[in-house]
Amino acid sequence: MLTTETWPNIRNIPKGDWERLAGRDVMSSYGWLKTIEETQVGHTAPTYYLVKGNGVPLGASVSYFTGNSSDDHNLNTIFFGRMMHQAQKLGFSFLPALECYPFRAYGKHIFLAEHLDTSARQRVSEALLDGIEAEAARHQASPCFLHVMQPEEELWNLLFRRGYQMTWDYPLNYLDIEWSDFKGYKDFIRRRSRNMVRNITKEINRNRREGVVMETLPDVGEKANRLWELMNINYQKYNPGAFPFKRTYFQRLLDNLGDDVEITVARKKDRLTGVSVTLHRGAIAHIPMVGVDHAFAGPDATYFNLGCYQPIQNAIEKGLKRIYFGNAQYHLKQRRGCKISNCYIFYKSFRPGMNRLVGMWFHVHRTWFMRKHRSFSVQPYHPLTRNASP
């Protein structure tokens, strides 16, 4: 018999139980989720789901409630774009919502024990969805799944059967590491564009001539405020409000994730001018955020070195096979070797009779997104082989 437990804090769940289900997916790891809980500022509240059979954990997931008062990037931003405020004034909103997704990342949405056969996987998945939808009903919110990628075929089929509507999410940038040294990476870029490989060489050399030094921090200490400032500078370029994490964020990352996290900084004239966070486990790395003081750094190409070239060099040295660079800045990242793959959103309105209207709007939204991103060379997403993937 299956039972479903829900918890408001990951501290209520034994770390070993969660980690066995999350496996090598660092963005779903106990340490990352605990850091989010401890340091996030805002209205997003997590709920954790644990399905057990005879007391043994068989499946898990996590969702986040986003209310109408959320001023962070949310579903209304995705679905209405620049017309968001006008739409909200007219009473159109996709909030409140219960969002299920890897927080500020890409990866699995439900985690299942590896030993389950096909029939058991379906039963456990159904139980998780029952728990998520019950939690959504408790909040009078619409359940939705963000950043869904095509390999999650079981989840796709389950959501379609339950009446969810589907549209496009922001595409994902990722780079497959296929070289034994950085020269191999540059040779790869050269085959695509000789001009781009010259730009990469110039940006690396310019950064060195300006005296910028990259280093990995073993601890944070008195640097916490400056690291937060660097992230806040970058965050406020693209979002309203301040960087939505406390100033303890970086130290808690190190405390909770240990060797699975690297905090890399750029230093110029004894001043920190940039910071990037890399989380890695198994063969895969994620770079969820980068911060640069552009006013102080000037044209020294710190952003490209800190957010791209240094992580690639580090990944090669560690024997990693893939780096996820998130979304946005597609042309910039594609020129530096990234692949771009579509992601999807599944949404089901909690209001009776509204799902058909949602489907009609999603048809419009898919057409708009297709036109918006048609200049990108989008490719089907391919997971790594089983022995290399998280």
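On inspection, ILE78 passes the criterion of being β-branched (Val, Ile, Thr) and within 18 Å of GLN165 (Cβ to Cβ). Return a yes/no flag: does region 28-43 have any residue that is acidic (Asp, Glu) and part of a loop (DSSP other than H, G, I, E, B). No; the residues of region 28-43 include none that is acidic (Asp, Glu) and part of a loop (DSSP other than H, G, I, E, B). So, in region 198-239, of the ones that are of a type in the set (Val, Ile, Thr) and part of a helix (DSSP H, G or I), which residue ends up farthest from the chain's Cα centre (by Cα)? Among residues in region 198-239 that are of a type in the set (Val, Ile, Thr) and part of a helix (DSSP H, G or I), the one farthest from the chain's Cα centre (by Cα) is THR201. Mind checking whether some residue in region 144-160 is more than 21 Å from the chain's Cα centre (by Cα) and assigned to a loop (DSSP other than H, G, I, E, B)? No, the conditions are met nowhere in region 144-160.
For first residues located in region 151-179 and within 30 Å of ALA315 (Cβ to Cβ), partners that are surrounded by fewer than 15 Cβ atoms within 10 Å (Cβ to Cβ) and lie 6+ apart or on another chain with Cβ distances below 6 Å form the pairs PRO151/PRO383; TRP168/ARG366.
A quick yes/no check of all residues on (1) in the same structural domain as GLU222 (by TED's automatic domain parsing); (2) modelled with pLDDT under 95; (3) among the basic types (Lys, Arg):
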| site | (1), (2), (3) |
| --- | --- |
| ARG252 | yes, no, yes |
| ASP260 | yes, no, no |
| ARG267 | yes, no, yes |
| ASP270 | yes, yes, no |
| ILE284 | yes, no, no |
| PRO288 | yes, yes, no |
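The helices (runs of 4 or more DSSP H) found entirely in region 307-390 that carry 3 or more residues being within 27 Å of PHE94 (Cα to Cα) and modelled with pLDDT under 90 are 355-372. Residues considered: ARG335, ARG371. Of these, the only one that is surrounded by fewer than 17 Cβ atoms within 10 Å (Cβ to Cβ), touching a Lys or Arg at 6+ places or on another chain (Cβ under 9 Å) and farther than 30 Å from ALA137 by Cβ is ARG335. Applying the set (1) without any contact (Cβ under 8 Å) to a residue 40 or more places away in the chain; (2) assigned to a strand (DSSP E or B); (3) more than 30 Å from ALA22 (Cβ to Cβ) to ARG267 leaves exactly one unmet item: (1).
Suppose we keep only residues that are in contact (Cβ under 8 Å) with a residue 40 or more places away in the chain and of a type in the set (D, E, K, R) within region 34-51. Which one would you say is nearest to ASP17 (Cα to Cα)? Only one residue fits best here, namely LYS34. Listed by first and then second residue, the pairs linking a residue in region 207-220 that is in the same structural domain as ASP260 (by TED's automatic domain parsing) and hydrophobic (A, V, I, L, M, F, W, C) to a residue that is assigned to a loop (DSSP other than H, G, I, E, B) and modelled with pLDDT of 95 or more, with Cβ atoms under 8 Å apart and 6 or more places separating them unless they lie on different chains, are VAL212/ASP300.
Scanning region 104-126 for residues that are surrounded by fewer than 21 Cβ atoms within 10 Å (Cβ to Cβ) and among the hydrophobic types (A, V, I, L, M, F, W, C), we see that the one that is nearest to PHE350 (Cα to Cα) is ALA105. Among all positions in region 10-27, there is at least one residue which is part of a helix (DSSP H, G or I), modelled with pLDDT of 95 or more, assigned by TED's automatic domain parsing to the domain that holds ASP117 and over 24 Å from ALA127 (Cβ atoms). Residues that are within 21 Å of GLU38 (Cβ to Cβ) and part of a loop (DSSP other than H, G, I, E, B) within region 240-250 comprise GLY241, ALA242, PHE243, PRO244, LYS246, ARG247, THR248, listed in sequence order. Only one residue in THR39, THR77, THR66 is polar (S, T, N, Q), modelled with pLDDT under 95 and within 25 Å of ASP25 (Cα to Cα), so which one is that? On inspection, the qualifying residue turns out to be THR66.
The values are calculated or read from the model by the stated rules, or taken from the named source; none is laboratory data. All values reported here derive from a predicted model rather than from experimental measurement. As a convention, Cβ positions derive from the backbone with ideal geometry for all residues, glycine included, and neighbour counts pool all protein chains shown.
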